[in-house]
Ligand SMILES: Cc1cc2nc3c(=O)[nH]c(=O)nc-3n(C[C@H](O)[C@H](O)[C@H](O)COP(=O)(O)OP(=O)(O)OC[C@H]3O[C@@H](n4cnc5c(N)ncnc54)[C@H](O)[C@@H]3O)c2cc1C
(Lines give C-alpha, C1' and ligand atoms only; values in the text may rest on other atoms or scores of the structure.)
Protein backbone atom coordinates (compact mmCIF):
# COMPACT_ATOMS: atom_id res chain seq x y z
CA UNK A 1 0.00 0.00 0.00
CA UNK A 2 1.22 3.51 -0.80
CA UNK A 3 2.09 5.56 2.32
CA UNK A 4 2.48 9.28 2.99
CA UNK A 5 3.70 11.00 6.15
CA UNK A 6 1.95 14.29 6.95
CA UNK A 7 3.67 16.49 9.55
CA UNK A 8 1.31 18.94 11.29
CA UNK A 9 -2.37 18.43 12.09
CA UNK A 10 -3.82 21.90 11.45
CA UNK A 11 -6.43 22.43 8.75
CA UNK A 12 -3.78 22.01 6.00
CA UNK A 13 -2.44 18.71 7.38
CA UNK A 14 -5.96 17.42 8.07
CA UNK A 15 -7.13 18.22 4.53
CA UNK A 16 -4.05 16.63 2.94
CA UNK A 17 -4.52 13.50 5.08
CA UNK A 18 -8.21 13.19 4.19
CA UNK A 19 -7.60 13.66 0.45
CA UNK A 20 -4.85 11.01 0.43
CA UNK A 21 -6.89 8.59 2.54
CA UNK A 22 -9.79 8.93 0.11
CA UNK A 23 -7.40 8.01 -2.73
CA UNK A 24 -6.68 4.75 -0.93
CA UNK A 25 -3.29 5.88 0.34
CA UNK A 26 -2.25 5.12 3.91
CA UNK A 27 -1.45 8.27 5.86
CA UNK A 28 0.55 8.76 9.04
CA UNK A 29 -0.47 12.14 10.47
CA UNK A 30 2.03 13.37 13.07
CA UNK A 31 0.97 16.24 15.37
CA UNK A 32 3.19 17.78 18.03
CA UNK A 33 0.33 18.72 20.40
CA UNK A 34 -2.09 16.40 22.23
CA UNK A 35 -4.82 17.10 19.63
CA UNK A 36 -5.11 17.87 15.94
CA UNK A 37 -6.91 21.06 14.84
CA UNK A 38 -4.19 23.72 14.79
CA UNK A 39 -5.00 27.43 14.95
CA UNK A 40 -8.38 27.04 13.26
CA UNK A 41 -9.63 25.38 16.45
CA UNK A 42 -8.95 28.66 18.30
CA UNK A 43 -11.02 30.76 15.90
CA UNK A 44 -14.61 31.74 16.62
CA UNK A 45 -16.02 32.29 13.13
CA UNK A 46 -14.22 32.40 9.80
CA UNK A 47 -14.33 35.10 7.15
CA UNK A 48 -15.54 35.56 4.48
CA UNK A 49 -18.72 33.62 5.37
CA UNK A 50 -18.66 33.99 9.18
CA UNK A 51 -19.29 30.26 9.48
CA UNK A 52 -18.57 28.72 12.87
CA UNK A 53 -14.96 27.56 12.70
CA UNK A 54 -15.41 24.49 14.90
CA UNK A 55 -18.52 23.42 12.95
CA UNK A 56 -16.36 23.12 9.81
CA UNK A 57 -13.25 21.77 11.50
CA UNK A 58 -14.63 19.27 14.04
CA UNK A 59 -16.22 16.89 11.46
CA UNK A 60 -12.93 16.82 9.52
CA UNK A 61 -11.01 16.08 12.73
CA UNK A 62 -13.41 13.28 13.61
CA UNK A 63 -13.12 11.90 10.07
CA UNK A 64 -9.32 11.80 10.47
CA UNK A 65 -9.70 9.75 13.66
CA UNK A 66 -12.22 7.36 12.07
CA UNK A 67 -10.72 6.87 8.61
CA UNK A 68 -9.25 3.38 8.22
CA UNK A 69 -6.42 4.78 6.07
CA UNK A 70 -5.25 7.38 8.60
CA UNK A 71 -3.00 6.58 11.56
CA UNK A 72 -2.97 9.51 13.99
CA UNK A 73 0.20 10.16 15.98
CA UNK A 74 -0.64 13.04 18.31
CA UNK A 75 1.76 14.36 20.95
CA UNK A 76 4.52 13.16 18.62
CA UNK A 77 7.34 14.58 16.53
CA UNK A 78 9.57 13.44 13.69
CA UNK A 79 13.12 13.22 15.01
CA UNK A 80 15.08 11.77 12.06
CA UNK A 81 14.71 11.02 8.37
CA UNK A 82 16.57 8.67 6.06
CA UNK A 83 16.07 7.52 2.49
CA UNK A 84 14.73 9.29 -0.57
CA UNK A 85 11.46 9.92 -2.44
CA UNK A 86 9.54 6.67 -2.70
CA UNK A 87 11.33 5.12 0.29
CA UNK A 88 11.65 7.56 3.19
CA UNK A 89 12.16 6.16 6.69
CA UNK A 90 11.18 8.54 9.50
CA UNK A 91 11.72 8.16 13.24
CA UNK A 92 8.74 9.41 15.21
CA UNK A 93 8.92 10.11 18.94
CA UNK A 94 5.65 9.71 20.90
CA UNK A 95 5.69 11.76 24.10
CA UNK A 96 4.13 10.18 27.17
CA UNK A 97 0.64 11.50 28.01
CA UNK A 98 0.70 9.49 31.26
CA UNK A 99 -2.83 8.51 30.23
CA UNK A 100 -3.62 5.27 28.43
CA UNK A 101 -5.38 6.36 25.23
CA UNK A 102 -7.07 2.99 24.89
CA UNK A 103 -8.70 3.28 28.34
CA UNK A 104 -9.42 7.01 28.80
CA UNK A 105 -13.07 7.90 28.15
CA UNK A 106 -12.51 11.67 28.38
CA UNK A 107 -15.11 11.89 31.19
CA UNK A 108 -13.26 14.70 32.99
CA UNK A 109 -13.50 13.34 36.56
CA UNK A 110 -9.72 13.62 36.84
CA UNK A 111 -9.78 17.27 35.73
CA UNK A 112 -12.29 18.12 38.44
CA UNK A 113 -10.03 16.58 41.12
CA UNK A 114 -6.67 17.93 39.92
CA UNK A 115 -5.49 20.65 42.35
CA UNK A 116 -3.02 22.36 39.97
CA UNK A 117 -3.93 25.35 37.81
CA UNK A 118 -1.71 26.73 35.04
CA UNK A 119 -2.26 29.28 32.24
CA UNK A 120 -4.28 27.74 29.42
CA UNK A 121 -2.31 28.14 26.15
CA UNK A 122 -5.33 27.29 24.02
CA UNK A 123 -7.14 30.29 25.52
CA UNK A 124 -4.03 32.45 25.17
CA UNK A 125 -3.50 32.49 28.94
CA UNK A 126 -6.84 34.28 29.49
CA UNK A 127 -7.98 31.49 31.77
CA UNK A 128 -6.41 28.59 33.59
CA UNK A 129 -6.51 24.87 33.02
CA UNK A 130 -5.58 21.92 35.21
CA UNK A 131 -2.35 19.90 35.02
CA UNK A 132 -4.45 17.07 33.54
CA UNK A 133 -6.49 18.42 30.67
CA UNK A 134 -8.14 18.06 27.30
CA UNK A 135 -7.08 20.98 25.11
CA UNK A 136 -10.68 21.79 24.03
CA UNK A 137 -13.95 19.85 24.16
CA UNK A 138 -13.80 18.68 20.52
CA UNK A 139 -10.16 17.51 20.78
CA UNK A 140 -9.12 14.49 18.72
CA UNK A 141 -8.32 12.07 20.21
CA UNK A 142 -10.87 12.55 23.01
CA UNK A 143 -8.44 11.73 25.79
CA UNK A 144 -6.73 13.55 28.63
CA UNK A 145 -3.05 14.47 28.83
CA UNK A 146 -0.97 15.13 31.93
CA UNK A 147 1.26 18.18 31.68
CA UNK A 148 4.36 16.59 33.25
CA UNK A 149 6.01 19.92 33.97
CA UNK A 150 3.19 20.95 36.32
CA UNK A 151 1.90 17.61 37.63
CA UNK A 152 2.56 17.37 41.39
CA UNK A 153 2.87 13.58 41.28
CA UNK A 154 5.38 13.57 38.41
CA UNK A 155 7.38 16.42 39.93
CA UNK A 156 7.26 15.57 43.67
CA UNK A 157 5.79 12.06 43.91
CA UNK A 158 2.79 13.48 45.83
CA UNK A 159 -0.93 13.75 44.95
CA UNK A 160 -2.15 11.15 42.39
CA UNK A 161 -5.74 12.47 42.78
CA UNK A 162 -6.42 11.81 39.08
CA UNK A 163 -5.38 8.16 39.37
CA UNK A 164 -7.58 7.64 42.44
CA UNK A 165 -10.68 9.02 40.78
CA UNK A 166 -10.23 7.41 37.33
CA UNK A 167 -12.70 4.51 37.09
CA UNK A 168 -11.20 3.47 33.72
CA UNK A 169 -7.74 3.06 35.36
CA UNK A 170 -6.30 5.10 32.51
CA UNK A 171 -3.69 7.09 34.46
CA UNK A 172 -0.25 5.60 33.91
CA UNK A 173 2.58 7.53 35.61
CA UNK A 174 5.06 4.90 34.36
CA UNK A 175 4.61 5.77 30.67
CA UNK A 176 7.80 6.67 28.81
CA UNK A 177 8.49 8.20 25.39
CA UNK A 178 8.31 5.65 22.57
CA UNK A 179 10.08 5.74 19.21
CA UNK A 180 8.67 4.25 16.04
CA UNK A 181 9.89 3.95 12.45
CA UNK A 182 7.44 5.06 9.78
CA UNK A 183 8.06 4.24 6.11
CA UNK A 184 6.57 6.57 3.53
CA UNK A 185 6.93 7.30 -0.16
CA UNK A 186 6.33 11.03 0.27
CA UNK A 187 6.11 13.64 3.02
CA UNK A 188 3.87 16.69 3.40
CA UNK A 189 4.96 19.42 5.80
CA UNK A 190 2.02 21.42 7.23
CA UNK A 191 3.42 22.82 10.45
CA UNK A 192 1.71 26.24 10.29
CA UNK A 193 2.67 29.57 11.82
CA UNK A 194 3.48 31.44 14.98
CA UNK A 195 3.00 35.07 16.07
CA UNK A 196 5.34 37.99 16.28
CA UNK A 197 5.63 39.03 19.95
CA UNK A 198 4.29 42.62 20.11
CA UNK A 199 6.30 43.07 23.30
CA UNK A 200 9.20 43.78 20.94
CA UNK A 201 7.40 47.01 19.97
CA UNK A 202 7.36 48.62 23.39
CA UNK A 203 5.55 51.71 22.03
CA UNK A 204 2.34 49.64 21.87
CA UNK A 205 2.46 48.76 25.58
CA UNK A 206 1.35 45.16 25.08
CA UNK A 207 2.85 43.70 28.24
CA UNK A 208 2.36 46.98 30.09
CA UNK A 209 -1.33 47.86 29.63
CA UNK A 210 -4.03 45.31 30.47
CA UNK A 211 -6.45 46.45 27.75
CA UNK A 212 -3.97 46.05 24.88
CA UNK A 213 -4.47 42.57 23.42
CA UNK A 214 -3.53 40.56 20.35
CA UNK A 215 -5.94 39.47 17.62
CA UNK A 216 -5.89 35.82 18.70
CA UNK A 217 -6.61 36.83 22.28
CA UNK A 218 -9.72 38.77 21.25
CA UNK A 219 -10.68 35.83 19.01
CA UNK A 220 -10.82 33.67 22.17
CA UNK A 221 -12.77 36.38 24.05
CA UNK A 222 -15.34 36.64 21.25
CA UNK A 223 -15.71 32.87 21.06
CA UNK A 224 -18.76 31.36 22.79
CA UNK A 225 -16.49 28.51 23.93
CA UNK A 226 -13.85 30.95 25.19
CA UNK A 227 -13.03 32.12 28.73
CA UNK A 228 -15.83 34.73 28.86
CA UNK A 229 -18.36 32.69 26.86
CA UNK A 230 -18.25 35.25 24.08
CA UNK A 231 -18.62 38.39 26.22
CA UNK A 232 -16.19 41.02 25.09
CA UNK A 233 -14.95 42.38 28.37
CA UNK A 234 -11.92 44.42 29.37
CA UNK A 235 -9.28 42.40 31.21
CA UNK A 236 -8.59 45.34 33.58
CA UNK A 237 -12.05 45.66 35.15
CA UNK A 238 -14.46 43.20 33.49
CA UNK A 239 -16.50 46.07 31.97
CA UNK A 240 -17.92 45.49 28.45
CA UNK A 241 -15.59 46.79 25.72
CA UNK A 242 -17.73 49.19 23.67
CA UNK A 243 -15.06 51.11 21.77
CA UNK A 244 -12.43 48.98 20.11
CA UNK A 245 -9.37 50.04 18.09
CA UNK A 246 -7.84 47.45 15.76
CA UNK A 247 -4.23 48.25 14.84
CA UNK A 248 -2.97 46.67 11.64
CA UNK A 249 0.52 45.67 10.50
CA UNK A 250 2.03 45.15 13.98
CA UNK A 251 5.41 43.77 12.95
CA UNK A 252 4.34 43.26 9.33
CA UNK A 253 5.45 45.37 6.38
CA UNK A 254 8.15 46.79 8.61
CA UNK A 255 11.79 46.67 7.52
CA UNK A 256 12.85 46.30 11.18
CA UNK A 257 10.73 43.19 11.70
CA UNK A 258 8.80 41.32 8.96
CA UNK A 259 9.01 42.92 5.54
CA UNK A 260 6.09 40.87 4.26
CA UNK A 261 2.35 41.44 4.53
CA UNK A 262 0.68 38.92 6.86
CA UNK A 263 -2.19 38.57 4.39
CA UNK A 264 -4.99 37.73 6.84
CA UNK A 265 -5.06 40.69 9.26
CA UNK A 266 -7.14 43.22 7.28
CA UNK A 267 -9.81 40.56 6.96
CA UNK A 268 -9.67 39.06 10.45
CA UNK A 269 -9.80 42.52 12.03
CA UNK A 270 -12.88 43.36 9.92
CA UNK A 271 -14.38 40.02 10.97
CA UNK A 272 -13.72 40.67 14.64
CA UNK A 273 -15.23 44.16 14.38
CA UNK A 274 -18.35 42.65 12.78
CA UNK A 275 -18.59 39.89 15.40
CA UNK A 276 -18.12 42.39 18.23
CA UNK A 277 -21.08 44.40 16.89
CA UNK A 278 -23.18 41.26 16.55
CA UNK A 279 -22.46 40.39 20.20
CA UNK A 280 -23.20 43.88 21.45
CA UNK A 281 -24.96 46.46 19.21
CA UNK A 282 -23.41 49.29 21.26
CA UNK A 283 -19.87 48.42 20.09
CA UNK A 284 -18.05 50.93 17.89
CA UNK A 285 -14.95 49.69 16.05
CA UNK A 286 -12.10 51.59 14.41
CA UNK A 287 -9.60 49.84 12.14
CA UNK A 288 -6.27 51.72 11.88
CA UNK A 289 -4.76 50.53 8.61
CA UNK A 290 -1.76 51.33 6.43
CA UNK A 291 -3.40 50.44 3.13
CA UNK A 292 -6.16 47.94 2.90
CA UNK A 293 -5.41 44.50 1.53
CA UNK A 294 -8.57 42.51 1.04
CA UNK A 295 -7.87 40.88 -2.27
CA UNK A 296 -9.75 37.56 -2.05
CA UNK A 297 -13.02 36.63 -3.68
CA UNK A 298 -15.86 38.49 -1.95
CA UNK A 299 -13.46 40.25 0.43
CA UNK A 300 -14.14 43.83 -0.75
CA UNK A 301 -17.85 43.16 -0.39
CA UNK A 302 -17.25 41.85 3.16
CA UNK A 303 -15.39 45.03 4.10
CA UNK A 304 -18.08 47.19 2.48
CA UNK A 305 -20.71 45.41 4.61
CA UNK A 306 -18.56 45.90 7.73
CA UNK A 307 -18.48 49.62 7.00
CA UNK A 308 -22.06 50.13 5.86
CA UNK A 309 -24.09 47.59 7.85
CA UNK A 310 -21.98 47.32 11.00
CA UNK A 311 -20.68 50.89 11.14
CA UNK A 312 -17.00 49.94 11.29
CA UNK A 313 -14.80 53.02 10.77
CA UNK A 314 -11.59 52.53 8.76
CA UNK A 315 -8.90 55.08 9.59
CA UNK A 316 -6.06 55.30 7.09
CA UNK A 317 -3.16 56.01 9.38
CA UNK A 318 0.09 54.93 10.94
CA UNK A 319 -0.12 54.28 14.67
CA UNK A 320 2.91 55.67 16.49
CA UNK A 321 2.18 54.79 20.10
CA UNK A 322 -0.36 53.56 22.61
CA UNK A 323 -0.50 55.06 26.09
CA UNK A 324 -3.24 54.67 28.73
CA UNK A 325 -5.25 56.99 30.97
CA UNK A 326 -5.86 56.54 34.69
CA UNK A 327 -8.74 54.06 34.19
CA UNK A 328 -6.70 51.87 31.80
CA UNK A 329 -8.31 53.15 28.59
CA UNK A 330 -5.73 52.70 25.83
CA UNK A 331 -5.04 55.99 23.98
CA UNK A 332 -4.07 55.40 20.36
CA UNK A 333 -1.71 58.05 18.96
CA UNK A 334 -1.57 58.07 15.17
CA UNK A 335 -0.89 60.10 12.11
CA UNK A 336 -4.08 60.48 10.09
CA UNK A 337 -3.05 59.84 6.48
CA UNK A 338 -6.02 61.80 5.10
CA UNK A 339 -5.15 65.03 6.95
CA UNK A 340 -1.42 64.37 7.52
CA UNK A 341 -1.97 65.46 11.12
CA UNK A 342 -1.26 63.74 14.40
CA UNK A 343 -4.39 62.61 16.25
CA UNK A 344 -5.37 60.46 19.20
CA UNK A 345 -8.32 58.32 20.21
CA UNK A 346 -9.28 56.75 23.54
CA UNK A 347 -10.72 53.24 23.33
CA UNK A 348 -11.82 50.52 25.77
CA UNK A 349 -9.68 47.88 24.09
CA UNK A 350 -6.79 48.08 21.60
CA UNK A 351 -6.25 44.97 19.48
CA UNK A 352 -2.89 44.38 17.79
CA UNK A 353 -2.92 42.46 14.51
CA UNK A 354 0.52 40.90 14.94
CA UNK A 355 2.34 39.41 11.99
CA UNK A 356 2.24 35.70 11.24
CA UNK A 357 5.78 34.38 11.45
CA UNK A 358 7.45 30.98 10.93
CA UNK A 359 7.34 28.65 13.93
CA UNK A 360 10.72 28.86 15.70
CA UNK A 361 11.33 25.13 15.11
CA UNK A 362 10.86 25.43 11.32
CA UNK A 363 14.60 25.80 10.75
CA UNK A 364 15.51 22.66 12.70
CA UNK A 365 12.69 20.68 11.08
CA UNK A 366 13.84 21.82 7.63
CA UNK A 367 17.40 20.77 8.47
CA UNK A 368 16.19 17.38 9.67
CA UNK A 369 14.16 16.86 6.47
CA UNK A 370 16.92 18.17 4.20
CA UNK A 371 14.80 20.97 2.74
CA UNK A 372 15.51 24.70 2.49
CA UNK A 373 13.81 27.67 4.11
CA UNK A 374 13.23 31.04 2.43
CA UNK A 375 14.62 34.45 3.38
CA UNK A 376 11.90 34.91 6.03
CA UNK A 377 12.29 31.45 7.59
CA UNK A 378 9.22 29.82 6.01
CA UNK A 379 9.57 26.53 4.10
CA UNK A 380 10.94 27.32 0.63
CA UNK A 381 8.85 26.14 -2.30
CA UNK A 382 9.18 26.39 -6.06
CA UNK A 383 7.32 29.41 -7.52
CA UNK A 384 6.19 27.31 -10.50
CA UNK A 385 5.43 24.16 -8.50
CA UNK A 386 4.18 25.96 -5.40
CA UNK A 387 3.84 23.00 -3.04
CA UNK A 388 7.18 21.38 -4.01
CA UNK A 389 10.00 21.95 -1.51
CA UNK A 390 13.65 21.87 -2.54
CA UNK A 391 13.78 18.09 -2.02
CA UNK A 392 11.98 15.61 -4.29
CA UNK A 393 9.20 13.75 -2.51
CA UNK A 394 8.70 16.42 0.18
CA UNK A 395 5.86 18.91 -0.21
CA UNK A 396 4.57 21.80 1.90
CA UNK A 397 1.13 23.32 2.40
CA UNK A 398 -0.50 26.07 4.44
CA UNK A 399 1.12 28.64 6.69
CA UNK A 400 4.48 26.85 7.00
CA UNK A 401 5.03 28.32 3.47
CA UNK A 402 3.95 31.85 4.46
CA UNK A 403 0.83 33.61 5.72
CA UNK A 404 -2.38 32.31 4.10
CA UNK A 405 -6.03 32.11 5.03
CA UNK A 406 -7.96 28.88 5.48
CA UNK A 407 -9.34 28.45 1.93
CA UNK A 408 -5.84 29.06 0.52
CA UNK A 409 -4.30 26.58 2.99
CA UNK A 410 -6.89 23.97 2.02
CA UNK A 411 -6.21 24.46 -1.70
CA UNK A 412 -2.49 23.97 -1.07
CA UNK A 413 -3.18 20.89 1.05
CA UNK A 414 -5.18 19.28 -1.74
CA UNK A 415 -2.45 20.22 -4.24
CA UNK A 416 0.24 18.70 -1.99
CA UNK A 417 -1.86 15.54 -1.57
CA UNK A 418 -2.14 15.21 -5.36
CA UNK A 419 1.61 15.76 -5.82
CA UNK A 420 2.43 13.26 -3.05
CA UNK A 421 0.08 10.67 -4.52
CA UNK A 422 1.74 11.01 -7.92
CA UNK A 423 5.29 10.60 -6.62
CA UNK A 424 4.50 7.88 -4.13
CA UNK A 425 5.69 4.76 -5.98
C1 LIG B 1 -6.49 36.08 14.72
C2 LIG B 1 -6.61 35.26 13.47
C3 LIG B 1 -7.84 35.08 12.90
C4 LIG B 1 -7.96 34.35 11.69
N5 LIG B 1 -9.18 34.23 11.13
C6 LIG B 1 -9.31 33.60 9.93
C7 LIG B 1 -10.57 33.52 9.27
O8 LIG B 1 -11.58 34.01 9.80
N9 LIG B 1 -10.64 32.92 8.04
C10 LIG B 1 -9.52 32.39 7.44
O11 LIG B 1 -9.65 31.89 6.32
N12 LIG B 1 -8.31 32.42 8.07
C13 LIG B 1 -8.17 33.00 9.29
N14 LIG B 1 -6.95 33.03 9.93
C15 LIG B 1 -5.81 32.29 9.31
C16 LIG B 1 -5.82 30.79 9.78
O17 LIG B 1 -5.51 30.74 11.15
C18 LIG B 1 -4.77 30.00 8.96
O19 LIG B 1 -5.04 30.14 7.59
C20 LIG B 1 -4.81 28.50 9.26
O21 LIG B 1 -4.84 28.25 10.64
C22 LIG B 1 -3.57 27.82 8.64
O23 LIG B 1 -3.60 26.45 8.92
P24 LIG B 1 -2.28 25.55 8.91
O25 LIG B 1 -2.74 24.13 9.01
O26 LIG B 1 -1.40 25.92 7.79
O27 LIG B 1 -1.48 25.95 10.23
P28 LIG B 1 -1.81 25.78 11.80
O29 LIG B 1 -3.23 26.06 12.08
O30 LIG B 1 -0.76 26.59 12.50
O31 LIG B 1 -1.55 24.23 12.10
C32 LIG B 1 -0.26 23.68 12.10
C33 LIG B 1 -0.24 22.45 12.99
O34 LIG B 1 1.06 21.83 12.92
C35 LIG B 1 1.49 21.46 14.23
N36 LIG B 1 2.95 21.43 14.26
C37 LIG B 1 3.83 22.46 14.28
N38 LIG B 1 5.09 22.01 14.26
C39 LIG B 1 5.02 20.66 14.23
C40 LIG B 1 6.01 19.62 14.19
N41 LIG B 1 7.31 19.90 14.17
N42 LIG B 1 5.57 18.34 14.18
C43 LIG B 1 4.26 18.04 14.20
N44 LIG B 1 3.28 18.99 14.24
C45 LIG B 1 3.67 20.28 14.24
C46 LIG B 1 0.89 22.56 15.12
O47 LIG B 1 0.82 22.14 16.47
C48 LIG B 1 -0.48 22.76 14.46
O49 LIG B 1 -1.45 21.87 14.98
C50 LIG B 1 -6.80 33.76 11.10
C51 LIG B 1 -5.56 33.95 11.70
C52 LIG B 1 -5.45 34.70 12.86
C53 LIG B 1 -4.11 34.93 13.46
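Quick look at the numbers
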| item | result |
| --- | --- |
| Failed item, numbered, when residue 378 is tested on (1) over 19 Å from residue 10 (Cβ atoms); (2) touching a helix residue (DSSP H, G or I) at 6+ places or on another chain (Cβ under 7 Å) | (1) |
| Members of segment 14-23 found to be surrounded by fewer than 24 Cβ atoms within 10 Å (Cβ to Cβ) and either modelled with pLDDT under 95 or touching a strand residue (DSSP E or B) at 6+ places or on another chain (Cβ under 7 Å) (or both), listed by number | 21 |
| Residue tally, condition out of contact with any helix residue (DSSP H, G or I) (no Cβ under 7 Å at 6 or more places or on another chain) and in a strand (DSSP E or B), over segment 54-77 | 4 |
| Selection from segment 345-379 of residues that are within 16 Å of the ligand (Cβ to nearest atom) and part of a loop (DSSP other than H, G, I, E, B) | 355, 359, 360, 361, 370, 371, 374, 376, 377, 378 |
| Residue 342 being more than 23 Å from the chain's Cα centre (by Cα) and in a strand (DSSP E or B) | yes |
| Residue satisfying condition, being within 11 Å of the ligand (Cβ to nearest atom) and in a loop (DSSP other than H, G, I, E, B), within set 86, 9, 13 | 9 |
| Restricting segment 391-425 to residues that are part of a helix (DSSP H, G or I) and under 10 Å from residue 186 (Cβ atoms), the residue that is nearest to the ligand (Cβ to nearest atom) | 416 |
| Some residue of segment 59-80 being within 15 Å of the ligand (Cβ to nearest atom), under 29 Å from residue 274 (Cβ atoms) and touching a residue at least 60 places away in the same chain (Cβ under 8 Å) | yes |
| Residue, nearest to residue 226 (Cα to Cα), within segment 26-40, restricted to residues that are in contact with a helix residue (DSSP H, G or I) (Cβ under 6 Å, 6 or more places away or on another chain) and more than 8 Å from the ligand (Cβ to nearest atom) | 29 |
| Residues that are in contact with a strand residue (DSSP E or B) (Cβ under 6 Å, 6 or more places away or on another chain) and part of a loop (DSSP other than H, G, I, E, B), drawn from segment 326-337 | 329, 337 |
| Inter-residue pairs, beta-carbon under 9 Å, first within 12 Å of residue 220 (Cβ to Cβ) and without any contact (Cβ under 8 Å) to a residue 60 or more places away in the chain and in segment 39-55, second part of a strand (DSSP E or B) and within 7 Å of the ligand (Cβ to nearest atom), 6+ apart | 53/45; 53/46 |
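Here's the yes/no breakdown for (1) in the same structural domain as residue 408 (by TED's automatic domain parsing); (2) modelled with pLDDT under 95; (3) farther than 18 Å from residue 182 by Cα; (4) out of contact with any strand residue (DSSP E or B) (no Cβ under 8 Å at 6 or more places or on another chain):
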position	(1), (2), (3), (4)
48	yes, yes, yes, yes
53	yes, no, yes, no
59	yes, no, yes, yes
62	yes, no, yes, yes
70	yes, no, no, no
78	yes, no, no, no
84	yes, no, no, yes
88	yes, no, no, no
102	no, no, yes, yes
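Conditions tested, residue by residue: (1) closer than 30 Å to residue 240 by Cα; (2) touching a strand residue (DSSP E or B) at 6+ places or on another chain (Cβ under 6 Å); (3) modelled with pLDDT under 95.
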{"position": "109", "(1), (2), (3)": "no, no, no"}
{"position": "123", "(1), (2), (3)": "yes, no, no"}
{"position": "159", "(1), (2), (3)": "no, no, no"}
{"position": "179", "(1), (2), (3)": "no, yes, no"}
{"position": "189", "(1), (2), (3)": "no, yes, no"}
{"position": "205", "(1), (2), (3)": "yes, yes, no"}
{"position": "208", "(1), (2), (3)": "yes, no, no"}
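The values are calculated or read from the model by the stated rules, or taken from the named source; none is laboratory data. Predicted, not measured: the structure shown is a model, and the values here were computed from it. Positions of Cβ are generated from backbone atoms using ideal geometry, with glycine treated the same way; all protein chains shown enter the neighbour counts.
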